[in-house]
Every structure is written in structure tokens, then in C-alpha cells.
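Step one of this worksheet: look at the structure below.
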């Protein structure tokens, strides 16, 4: 069952009893989906699909696209048709739009915070179960970039892999095997000493500099130049906030990953208003 079907099943199940009992079947209506606060919009295609699955005769007009900045009172979508159908679809539509617009809005704040530095904002796998593709699309709508989608599309050797048995001696053949599959390889380090060890390996595309202070990040960037490893990208990660991200971006790292984009989101205030 896909995520939209699951959302409709948990909300409607055997039917919308209130709409069935209190809304005449023949009653037609028009409604606007309206931003109640300033936000970056995301989730419009999902909203349209929900309306259509509830009632394919509904007429939906998309007035703003994902990535558009909305002010309070802006209308994102207009829908017309059976009043009963609009009422039944309302909560599922708003749940998706509010959550995904929250992701896009927060992402835009981080993107704006590093403007002009050259650093790019990445998401993580710290997503709401079942919502990953939608939330990662919302990150893109906000101006960020997607990291790996899951465990299957990129190698990322973290500290727990090392604790679980990966060693410098075993990593080189494993990296070669990954490259033979066409996979990008990223390795996490938390010290300059570990970074030197990773620079001794062939085939590493990205180094994750975990929980490093700005002075350590600058030292890492200088070491990259000194060792001629300029083809290796740097990703900074670990407890980064809007207050600290500018200083991190100015160290010269290429990417900054922020789990908060998807795991600490405030839903935007988006409503559906019936028109007279």
C-alpha cells in the first residue's frame, strides 16, 4: 500500500460518516487551500493526487508550485466539485502539505544562511518512516540537496561499521568492490588523524567530518590541499544549527548535512477554506 492509500485508509476507512450524514450528495462547492503563515510550499502533487483519489471529478487548479515562497493569505490550490468529497479529502491533503511545507521552509532557512559560501545543504536518512521520498523532495523544493536515498545507493562507512569489524586493511578491497558496482564511497572521520588514514585509501569520494569545530574543519581543508586530495569532497555534520552553520560553511567544506531538516520540523499552518 502506498503512502497516500495508507493515509486515506487510516482517515476514511469505511467512510466519512459526518459528510455522508450531514452534507447533501448533490451539494457543489468551491474551496481554497490557503497559507496561514509565510512558508515555502511543498507537496502539491501529493495534494492533487489525494483529491483525485477521493473523487476523480473534482476540479483542481494549482496556483503555486513546490518551491514557491508563500505569504500569509496566498492560495496554493483551488478545488471545485462535490462538497462532500472536498470535506473527506481535506485532512489528508492538509497533513501532507503542512508537514512537507515545513521541511521545505526549514531547508530554505539553512540554504539562505550559507548563501555565498559555496557550501550546499544536504538532508539525511533521519526521515519520518514511509515519508522519505516526499520529505527529500521537499528538501529539494527548499533549495537543498539529497544525500543518499537509503542504504542501497551509496556506501557510507561510519564509526559503527569500524566498531563492527571494518579495518583499514579490509577497507581498500571493499572500496574497490563498491566502485566496481558504480557506487560512491563516503567515510566518516572524527579527527585529523583519522582523516590522514582515509587519505591513504584510494577510491574515497567524500569524507564526513563528524562533530568537528570550525578550526578543525579549516585544518582538514588545509590538509586536503597539502596532500593533493582536492578531488575528495568534505561533508560537515553533527549538531549543526542555524546559529552555527554560517561559521561551518565559511571553513571551505563542500556540504553540510542537517538531520533537523526532516526530524525536527514544525508543520506550517495551511488551511482549506470553503468559498461562499
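Just so it is clear, none of the values below were taken in a lab; they were calculated from the coordinates. All values reported here derive from a predicted model rather than from experimental measurement. As a convention, Cβ positions derive from the backbone with ideal geometry for all residues, glycine included, and neighbour counts pool all protein chains shown.
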Subtracting the Cα-Cα distance of residue 62 and residue 172 from 0.36 nm times their residue separation yields 34.5 nm
Name the residue, out of 87, 183, 151, whose mean-square fluctuation peaks in a Gaussian network model built on the chain with Cα pairs under 10 Å. 151
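Give me D for segment 111-263 in µm² s⁻¹, whole number, from Stokes-Einstein with Rh from the Kirkwood sum over alpha-carbon pairs, 37 °C and 0.692 mPa s.
Working: Rh = 16.1 Å.
Stokes-Einstein gives a translational diffusion coefficient of 204 µm²/s.
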Compute the distance in nm between two label points, each set 7 Å from the Cα along the Cα-to-Cβ direction, one at residue 69 and one at residue 273. 2.2 nm
Principal axis box of segment 182-276, alpha-carbon based, largest edge first, Å: 69, 34, 17
Among 248, 121, 175, which one shows the biggest mean-square fluctuation in a GNM of the chain, springs joining Cα atoms closer than 10 Å? 175
Those residues of segment 55-71 whose amide nitrogen sits under 12 Å from the label point placed on residue 25, 7 Å along Cα→Cβ: none
Full extension from residue 215 to residue 55: what is 0.36 nm times the residue separation minus their Cα-Cα distance, to one decimal in nm? 51.9 nm
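Report the semi-axes of the equivalent ellipsoid for the chain in whole Å, largest first, where each axis is √(5λ) for an eigenvalue λ of the Cα gyration tensor. Mind dumping the intermediate values first?
Working: eigenvalues 416, 83, 33 Å².
After diagonalising the Cα gyration tensor, the semi-axes are 46, 20, 13 Å.
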Starting from the Cα coordinates of segment 61-148, work out the convex hull volume and express it per residue in Å³. 108 Å³
Using only helices, what value at 222 nm comes out for the chain when you add -39,500 (n - 2.57) per DSSP H run of length 4 or more and divide by the total residues, to the nearest 500 deg cm²/dmol? -12500 deg cm²/dmol
